[in-house]
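The values are calculated or read from the model by the stated rules, or taken from the named source; none is laboratory data. Keep in mind that this is a model prediction, so the values were computed, not measured. Positions of Cβ are generated from backbone atoms using ideal geometry, with glycine treated the same way; all protein chains shown enter the neighbour counts.
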Amino acid sequence: MSKIMVKERKSSGNESIEVLNMKWMKFTIDTTTEAVDFIGSMLSDLGIEGIEIEDNVPLTEEEKNQMFIDILPEVKPNDKSAKVSFYVDPSCDLDSLIMKVKEGLREISDFGLNLGSGQLTASETEDKDWIDNWKKFFKPFRIDDTIVIKPTWEKLTDVKPDDLVIEIDPGISFGTGSHETTKLSILGIKKYIKPGDIVLDAGSGSGILSIVSNKLGASKVLGIDIDPIATQTAIENARINQIDALEWELDNENYIPDRSVSFATGNIIEDHGIRTRIGKGTYDLVVANILADVIISLSHVIHENMKKDAIFISSGILYSKENQVRNSLEKSKFQILEVNRMGDWISFVTKI
(Lines give C-alpha, C1' and ligand atoms only; values in the text may rest on other atoms or scores of the structure.)
Protein backbone atom coordinates (compact mmCIF):
# COMPACT_ATOMS: atom_id res chain seq x y z
CA MET A 1 0.00 0.00 0.00
CA SER A 2 1.29 3.42 -0.87
CA LYS A 3 0.80 5.05 2.54
CA ILE A 4 0.40 3.66 6.05
CA MET A 5 -0.08 5.59 9.28
CA VAL A 6 2.21 4.14 11.93
CA LYS A 7 3.74 5.03 15.25
CA GLU A 8 6.55 3.34 17.14
CA ARG A 9 6.32 2.20 20.74
CA LYS A 10 8.76 0.40 23.03
CA SER A 11 7.89 -2.38 25.42
CA SER A 12 10.40 -4.32 27.53
CA GLY A 13 13.19 -3.03 25.32
CA ASN A 14 11.73 -4.51 22.11
CA GLU A 15 10.62 -2.26 19.30
CA SER A 16 7.32 -2.92 17.59
CA ILE A 17 5.10 -1.29 14.99
CA GLU A 18 1.51 -0.35 15.81
CA VAL A 19 -0.74 0.27 12.82
CA LEU A 20 -3.46 2.83 13.50
CA ASN A 21 -6.97 2.28 12.19
CA MET A 22 -7.79 4.47 9.24
CA LYS A 23 -10.22 4.52 6.35
CA TRP A 24 -9.19 3.33 2.89
CA MET A 25 -10.87 3.61 -0.49
CA LYS A 26 -11.40 0.25 -2.15
CA PHE A 27 -11.70 0.16 -5.93
CA THR A 28 -12.78 -2.98 -7.77
CA ILE A 29 -12.35 -3.69 -11.48
CA ASP A 30 -14.68 -6.26 -13.13
CA THR A 31 -12.55 -8.04 -15.70
CA THR A 32 -11.43 -11.45 -16.98
CA THR A 33 -8.76 -13.94 -15.92
CA GLU A 34 -6.99 -13.23 -19.22
CA ALA A 35 -6.37 -9.61 -18.23
CA VAL A 36 -5.59 -10.05 -14.52
CA ASP A 37 -1.78 -10.12 -14.75
CA PHE A 38 -1.72 -7.14 -17.07
CA ILE A 39 -3.98 -5.14 -14.75
CA GLY A 40 -1.78 -6.07 -11.78
CA SER A 41 1.32 -4.92 -13.66
CA MET A 42 -0.39 -1.67 -14.67
CA LEU A 43 -1.44 -0.95 -11.09
CA SER A 44 2.08 -1.68 -9.87
CA ASP A 45 3.44 0.81 -12.42
CA LEU A 46 1.14 3.39 -10.80
CA GLY A 47 2.59 2.63 -7.36
CA ILE A 48 -0.33 0.46 -6.20
CA GLU A 49 1.12 -2.72 -4.67
CA GLY A 50 -1.67 -4.14 -2.52
CA ILE A 51 -4.27 -5.89 -4.70
CA GLU A 52 -6.82 -8.66 -4.30
CA ILE A 53 -7.78 -11.04 -7.11
CA GLU A 54 -11.01 -13.05 -7.06
CA ASP A 55 -11.67 -15.67 -9.73
CA ASN A 56 -13.00 -19.19 -10.16
CA VAL A 57 -9.92 -20.75 -11.74
CA PRO A 58 -9.59 -24.36 -10.49
CA LEU A 59 -6.57 -25.21 -8.39
CA THR A 60 -3.88 -27.31 -10.02
CA GLU A 61 -2.79 -30.54 -8.36
CA GLU A 62 0.49 -28.85 -7.37
CA GLU A 63 -1.39 -25.96 -5.73
CA LYS A 64 -3.65 -28.41 -3.86
CA ASN A 65 -0.61 -30.25 -2.52
CA GLN A 66 0.99 -26.97 -1.46
CA MET A 67 -1.99 -25.88 0.64
CA PHE A 68 -1.43 -28.47 3.40
CA ILE A 69 -5.18 -28.71 4.12
CA ASP A 70 -7.57 -31.64 3.83
CA ILE A 71 -10.74 -29.78 2.79
CA LEU A 72 -10.28 -27.45 -0.16
CA PRO A 73 -12.51 -24.38 -0.63
CA GLU A 74 -15.45 -24.82 -2.98
CA VAL A 75 -14.92 -23.07 -6.29
CA LYS A 76 -17.71 -22.07 -8.66
CA PRO A 77 -17.51 -23.13 -12.34
CA ASN A 78 -14.82 -21.13 -14.10
CA ASP A 79 -16.56 -18.52 -16.26
CA LYS A 80 -13.23 -16.70 -16.82
CA SER A 81 -14.50 -13.66 -14.93
CA ALA A 82 -12.37 -11.97 -12.29
CA LYS A 83 -12.35 -9.04 -9.93
CA VAL A 84 -9.23 -7.03 -9.15
CA SER A 85 -9.44 -4.80 -6.08
CA PHE A 86 -6.93 -2.25 -4.79
CA TYR A 87 -6.79 0.11 -1.83
CA VAL A 88 -5.67 3.72 -1.64
CA ASP A 89 -5.49 6.42 0.99
CA PRO A 90 -8.48 8.72 0.37
CA SER A 91 -6.30 11.78 1.03
CA CYS A 92 -4.38 11.17 -2.21
CA ASP A 93 -5.42 12.72 -5.55
CA LEU A 94 -8.11 10.16 -6.32
CA ASP A 95 -9.36 11.86 -9.48
CA SER A 96 -5.90 11.83 -11.04
CA LEU A 97 -5.23 8.23 -9.97
CA ILE A 98 -8.54 6.88 -11.28
CA MET A 99 -8.03 8.71 -14.57
CA LYS A 100 -4.65 6.96 -14.92
CA VAL A 101 -6.20 3.59 -14.03
CA LYS A 102 -8.91 4.04 -16.66
CA GLU A 103 -6.30 5.06 -19.21
CA GLY A 104 -4.29 1.94 -18.36
CA LEU A 105 -7.40 -0.22 -18.80
CA ARG A 106 -7.98 1.30 -22.24
CA GLU A 107 -4.39 0.51 -23.23
CA ILE A 108 -4.81 -3.11 -22.11
CA SER A 109 -8.00 -3.37 -24.17
CA ASP A 110 -6.29 -1.77 -27.18
CA PHE A 111 -3.54 -4.40 -26.83
CA GLY A 112 -6.16 -6.95 -27.84
CA LEU A 113 -6.88 -8.58 -24.48
CA ASN A 114 -10.40 -9.39 -23.34
CA LEU A 115 -10.87 -6.87 -20.54
CA GLY A 116 -14.50 -7.80 -19.84
CA SER A 117 -16.70 -4.91 -18.75
CA GLY A 118 -13.76 -3.10 -17.15
CA GLN A 119 -16.26 -1.46 -14.81
CA LEU A 120 -14.67 0.33 -11.85
CA THR A 121 -16.58 0.61 -8.56
CA ALA A 122 -15.60 2.29 -5.29
CA SER A 123 -16.30 1.62 -1.62
CA GLU A 124 -14.82 2.52 1.75
CA THR A 125 -13.24 0.14 4.26
CA GLU A 126 -11.16 0.21 7.43
CA ASP A 127 -7.62 -1.11 7.38
CA LYS A 128 -8.43 -3.85 9.87
CA ASP A 129 -11.00 -5.31 7.47
CA TRP A 130 -8.67 -6.00 4.55
CA ILE A 131 -5.54 -6.54 6.63
CA ASP A 132 -7.18 -9.57 8.24
CA ASN A 133 -9.44 -10.85 5.45
CA TRP A 134 -6.65 -11.85 3.05
CA LYS A 135 -5.02 -14.07 5.64
CA LYS A 136 -7.49 -16.89 5.06
CA PHE A 137 -6.10 -17.29 1.53
CA PHE A 138 -2.41 -17.40 2.51
CA LYS A 139 -1.58 -21.03 3.32
CA PRO A 140 1.78 -22.81 3.63
CA PHE A 141 3.22 -23.81 0.26
CA ARG A 142 6.35 -25.30 -1.23
CA ILE A 143 8.87 -23.51 -3.41
CA ASP A 144 10.44 -26.88 -4.28
CA ASP A 145 11.11 -30.22 -2.59
CA THR A 146 12.97 -28.67 0.36
CA ILE A 147 11.84 -25.03 0.84
CA VAL A 148 8.50 -24.31 2.51
CA ILE A 149 6.98 -20.87 3.09
CA LYS A 150 4.40 -20.58 5.84
CA PRO A 151 2.51 -17.68 7.43
CA THR A 152 3.21 -17.19 11.11
CA TRP A 153 -0.41 -17.88 12.06
CA GLU A 154 -0.60 -21.30 10.32
CA LYS A 155 0.64 -24.71 11.46
CA LEU A 156 2.43 -27.24 9.28
CA THR A 157 0.96 -30.71 9.16
CA ASP A 158 3.21 -32.18 6.46
CA VAL A 159 6.87 -31.34 6.95
CA LYS A 160 9.94 -33.43 6.15
CA PRO A 161 13.06 -33.61 8.36
CA ASP A 162 15.22 -31.83 5.78
CA ASP A 163 12.73 -29.08 4.95
CA LEU A 164 13.83 -25.46 5.21
CA VAL A 165 10.77 -23.70 6.64
CA ILE A 166 10.59 -19.90 6.33
CA GLU A 167 7.95 -18.12 8.39
CA ILE A 168 6.56 -14.86 7.03
CA ASP A 169 4.09 -12.25 8.22
CA PRO A 170 3.92 -10.00 5.16
CA GLY A 171 2.20 -7.11 6.94
CA ILE A 172 -0.07 -4.89 4.92
CA SER A 173 1.50 -4.65 1.51
CA PHE A 174 4.41 -7.02 0.96
CA GLY A 175 4.96 -10.21 -0.99
CA THR A 176 4.32 -13.58 0.63
CA GLY A 177 6.42 -15.61 -1.76
CA SER A 178 3.51 -17.43 -3.41
CA HIS A 179 3.69 -15.33 -6.53
CA GLU A 180 5.60 -16.77 -9.45
CA THR A 181 8.11 -13.91 -9.42
CA THR A 182 9.21 -14.69 -5.88
CA LYS A 183 9.39 -18.41 -6.58
CA LEU A 184 11.63 -17.72 -9.58
CA SER A 185 13.86 -15.56 -7.39
CA ILE A 186 14.18 -18.18 -4.64
CA LEU A 187 14.93 -20.97 -7.10
CA GLY A 188 17.63 -18.77 -8.66
CA ILE A 189 19.17 -18.02 -5.28
CA LYS A 190 19.17 -21.70 -4.34
CA LYS A 191 20.94 -22.66 -7.57
CA TYR A 192 23.62 -19.96 -7.63
CA ILE A 193 24.39 -18.99 -4.03
CA LYS A 194 27.67 -20.27 -2.57
CA PRO A 195 28.57 -20.68 1.11
CA GLY A 196 29.97 -17.40 2.43
CA ASP A 197 28.52 -15.21 -0.33
CA ILE A 198 27.67 -11.57 0.36
CA VAL A 199 24.15 -10.88 -0.97
CA LEU A 200 22.27 -7.70 -1.84
CA ASP A 201 18.46 -7.91 -1.89
CA ALA A 202 17.38 -4.84 -3.89
CA GLY A 203 13.75 -4.05 -3.10
CA SER A 204 13.59 -6.33 -0.08
CA GLY A 205 9.90 -5.87 0.80
CA SER A 206 8.92 -8.47 3.41
CA GLY A 207 12.53 -9.68 3.58
CA ILE A 208 11.76 -13.16 2.30
CA LEU A 209 14.65 -13.27 -0.20
CA SER A 210 17.12 -11.96 2.38
CA ILE A 211 15.98 -14.60 4.86
CA VAL A 212 16.25 -17.39 2.27
CA SER A 213 19.74 -16.19 1.27
CA ASN A 214 20.88 -16.32 4.88
CA LYS A 215 19.43 -19.79 5.42
CA LEU A 216 21.12 -21.03 2.24
CA GLY A 217 24.58 -20.03 3.39
CA ALA A 218 25.23 -16.33 2.76
CA SER A 219 27.71 -14.84 5.23
CA LYS A 220 26.17 -11.37 5.00
CA VAL A 221 22.94 -10.09 3.48
CA LEU A 222 21.83 -6.50 3.01
CA GLY A 223 18.19 -5.89 2.12
CA ILE A 224 17.35 -2.39 0.94
CA ASP A 225 13.95 -0.86 0.14
CA ILE A 226 12.66 2.66 -0.47
CA ASP A 227 9.81 2.10 2.04
CA PRO A 228 10.73 2.40 5.75
CA ILE A 229 7.72 0.26 6.69
CA ALA A 230 9.09 -2.51 4.47
CA THR A 231 12.38 -2.25 6.36
CA GLN A 232 10.66 -2.72 9.72
CA THR A 233 8.56 -5.61 8.40
CA ALA A 234 11.67 -7.34 7.03
CA ILE A 235 13.49 -7.00 10.36
CA GLU A 236 10.57 -8.53 12.23
CA ASN A 237 10.33 -11.40 9.75
CA ALA A 238 14.05 -12.09 10.06
CA ARG A 239 13.74 -12.26 13.84
CA ILE A 240 10.77 -14.63 13.52
CA ASN A 241 13.18 -16.92 11.67
CA GLN A 242 15.81 -16.69 14.45
CA ILE A 243 17.97 -14.19 12.57
CA ASP A 244 19.29 -11.31 14.66
CA ALA A 245 18.77 -8.65 11.99
CA LEU A 246 19.35 -4.95 12.50
CA GLU A 247 18.46 -1.72 10.73
CA TRP A 248 21.35 0.09 9.10
CA GLU A 249 20.81 3.84 9.08
CA LEU A 250 23.07 4.37 6.03
CA ASP A 251 25.09 7.07 7.74
CA ASN A 252 28.77 7.55 6.95
CA GLU A 253 29.72 3.90 7.21
CA ASN A 254 31.14 2.53 4.00
CA TYR A 255 30.45 -1.15 4.49
CA ILE A 256 27.67 -3.46 5.62
CA PRO A 257 27.46 -3.77 9.42
CA ASP A 258 29.09 -6.84 10.94
CA ARG A 259 25.79 -8.71 11.15
CA SER A 260 24.56 -11.69 9.15
CA VAL A 261 21.46 -9.81 7.94
CA SER A 262 20.86 -6.05 7.82
CA PHE A 263 18.09 -3.96 6.31
CA ALA A 264 18.18 -0.34 5.20
CA THR A 265 15.91 2.28 3.66
CA GLY A 266 17.13 4.13 0.60
CA ASN A 267 17.09 4.52 -3.17
CA ILE A 268 20.14 2.82 -4.64
CA ILE A 269 19.14 3.76 -8.19
CA GLU A 270 18.99 7.52 -7.72
CA ASP A 271 21.41 8.02 -4.82
CA HIS A 272 25.04 7.46 -5.81
CA GLY A 273 26.11 8.13 -2.22
CA ILE A 274 24.07 5.19 -0.97
CA ARG A 275 25.60 2.91 -3.60
CA THR A 276 29.02 4.00 -2.36
CA ARG A 277 28.19 3.44 1.31
CA ILE A 278 26.79 -0.06 0.83
CA GLY A 279 30.04 -1.10 -0.82
CA LYS A 280 31.51 -0.92 -4.33
CA GLY A 281 32.59 -4.27 -5.75
CA THR A 282 31.24 -6.00 -2.65
CA TYR A 283 28.46 -8.43 -3.57
CA ASP A 284 28.70 -11.97 -4.89
CA LEU A 285 24.98 -12.15 -5.65
CA VAL A 286 22.32 -9.47 -6.19
CA VAL A 287 18.63 -10.31 -6.38
CA ALA A 288 15.88 -7.88 -7.41
CA ASN A 289 12.25 -8.99 -7.44
CA ILE A 290 10.69 -5.72 -8.53
CA LEU A 291 9.06 -4.16 -11.58
CA ALA A 292 10.52 -4.45 -15.06
CA ASP A 293 10.98 -0.70 -15.45
CA VAL A 294 12.82 -0.52 -12.12
CA ILE A 295 15.06 -3.43 -13.11
CA ILE A 296 15.94 -1.58 -16.31
CA SER A 297 17.06 1.45 -14.29
CA LEU A 298 18.84 -0.74 -11.72
CA SER A 299 20.77 -2.63 -14.39
CA HIS A 300 22.55 0.58 -15.42
CA VAL A 301 24.10 1.14 -11.98
CA ILE A 302 24.15 -2.05 -9.92
CA HIS A 303 27.35 -3.39 -11.52
CA GLU A 304 29.22 -0.81 -9.39
CA ASN A 305 28.41 -2.86 -6.29
CA MET A 306 29.10 -6.32 -7.74
CA LYS A 307 32.28 -8.35 -7.71
CA LYS A 308 33.70 -9.69 -10.95
CA ASP A 309 31.66 -12.72 -12.09
CA ALA A 310 28.93 -11.87 -9.54
CA ILE A 311 25.40 -13.14 -10.21
CA PHE A 312 22.43 -10.79 -10.79
CA ILE A 313 18.97 -12.39 -10.52
CA SER A 314 16.11 -10.17 -11.68
CA SER A 315 12.44 -11.09 -11.49
CA GLY A 316 9.01 -9.44 -11.57
CA ILE A 317 9.14 -9.13 -15.37
CA LEU A 318 5.94 -9.59 -17.34
CA TYR A 319 6.59 -11.48 -20.58
CA SER A 320 5.55 -8.44 -22.66
CA LYS A 321 8.58 -6.58 -21.28
CA GLU A 322 11.11 -9.38 -21.74
CA ASN A 323 12.90 -7.76 -24.67
CA GLN A 324 13.12 -4.37 -22.97
CA VAL A 325 14.80 -5.89 -19.92
CA ARG A 326 17.01 -8.13 -22.03
CA ASN A 327 18.23 -5.16 -24.10
CA SER A 328 18.95 -3.15 -20.97
CA LEU A 329 20.93 -5.99 -19.36
CA GLU A 330 22.97 -6.58 -22.49
CA LYS A 331 23.61 -2.85 -22.93
CA SER A 332 24.94 -2.80 -19.36
CA LYS A 333 27.36 -5.65 -20.23
CA PHE A 334 25.55 -8.40 -18.31
CA GLN A 335 25.97 -11.91 -19.67
CA ILE A 336 22.64 -13.73 -19.69
CA LEU A 337 23.00 -17.22 -18.19
CA GLU A 338 19.36 -18.24 -17.92
CA VAL A 339 15.88 -17.00 -18.78
CA ASN A 340 13.31 -18.77 -16.60
CA ARG A 341 9.54 -18.59 -16.98
CA MET A 342 6.62 -19.32 -14.71
CA GLY A 343 3.12 -18.42 -15.84
CA ASP A 344 3.27 -14.98 -17.46
CA TRP A 345 6.41 -14.00 -15.57
CA ILE A 346 10.11 -14.07 -16.43
CA SER A 347 13.34 -14.08 -14.45
CA PHE A 348 16.81 -13.38 -15.84
CA VAL A 349 19.94 -14.85 -14.29
CA THR A 350 23.01 -12.89 -15.42
CA LYS A 351 26.58 -12.21 -14.41
CA ILE A 352 28.81 -9.21 -14.83
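Would you check if there is a residue in segment 178-193 being touching a Phe, Trp or Tyr at 6+ places or on another chain (Cβ under 8 Å) and charged (D, E, K, R)?
Checked segment 178-193: at least one residue is touching a Phe, Trp or Tyr at 6+ places or on another chain (Cβ under 8 Å) and charged (D, E, K, R).
How many of the residues in segment 301-332 are touching a helix residue (DSSP H, G or I) at 6+ places or on another chain (Cβ under 7 Å) and on the phi < 0 side of the Ramachandran plot?
16
Are there any pairs, at least 6 apart or on different chains, whose C-beta atoms fall under 9 Å, with the first in segment 314-329 and without any contact (Cβ under 8 Å) to a residue 60 or more places away in the chain and the second surrounded by fewer than 17 Cβ atoms within 10 Å (Cβ to Cβ) and hydroxyl-bearing (S, T, Y), and if so, which?
S328/S297
Give T60, T28 a once-over and let me know the one that is under 24 Å from the mean Cα position of the chain (by Cα), outside the structural domain of S204 (by TED's automatic domain parsing), modelled with pLDDT under 85 and under 28 Å from K321 (Cα atoms).
The match here is T60.
Which of the strands (runs of 3 or more DSSP E) contained wholly in segment 245-305 include at least 2 residues that are of a type in the set (S, T, Y) and free of Cβ contacts under 8 Å to residues at least 60 places away in the same chain?
261-265
With the requirement that a residue be of a type outside the set (A, V, I, L, M) and in a helix (DSSP H, G or I), what does segment 190-210 give you?
Listed by number, the residues that qualify are K190, K191, Y192, S210.
Under 8 Å by Cβ, and 6 or more places apart or on different chains, what pairs join a residue from segment 85-104 that is hydrophobic (A, V, I, L, M, F, W, C) with one that is assigned to a helix (DSSP H, G or I)?
Here the result reads F86/L43; V88/L94; V88/L97; V101/M42; V101/L43, each pair linking segment 85-104 to a residue that is assigned to a helix (DSSP H, G or I).
Could you list all residues from segment 103-148 that are closer than 16 Å to E54 by Cα, modelled with pLDDT of 85 or more and not aliphatic (A, V, I, L, M)?
G116, S117, G118, Q119, T121
Restricting to segment 211-234, count the residues that are outside any loop (DSSP other than H, G, I, E, B) and either more than 21 Å from N267 (Cα to Cα) or modelled with pLDDT of 95 or more (or both).
10
Residue-by-condition table, conditions (1) surrounded by fewer than 17 Cβ atoms within 10 Å (Cβ to Cβ); (2) in the same structural domain as S262 (by TED's automatic domain parsing); (3) under 17 Å from S347 (Cα atoms):
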site: K280; (1), (2), (3): yes, yes, no
site: D284; (1), (2), (3): no, yes, no
site: A288; (1), (2), (3): no, yes, yes
site: V301; (1), (2), (3): yes, yes, no
site: R326; (1), (2), (3): no, yes, yes
site: K333; (1), (2), (3): yes, yes, no
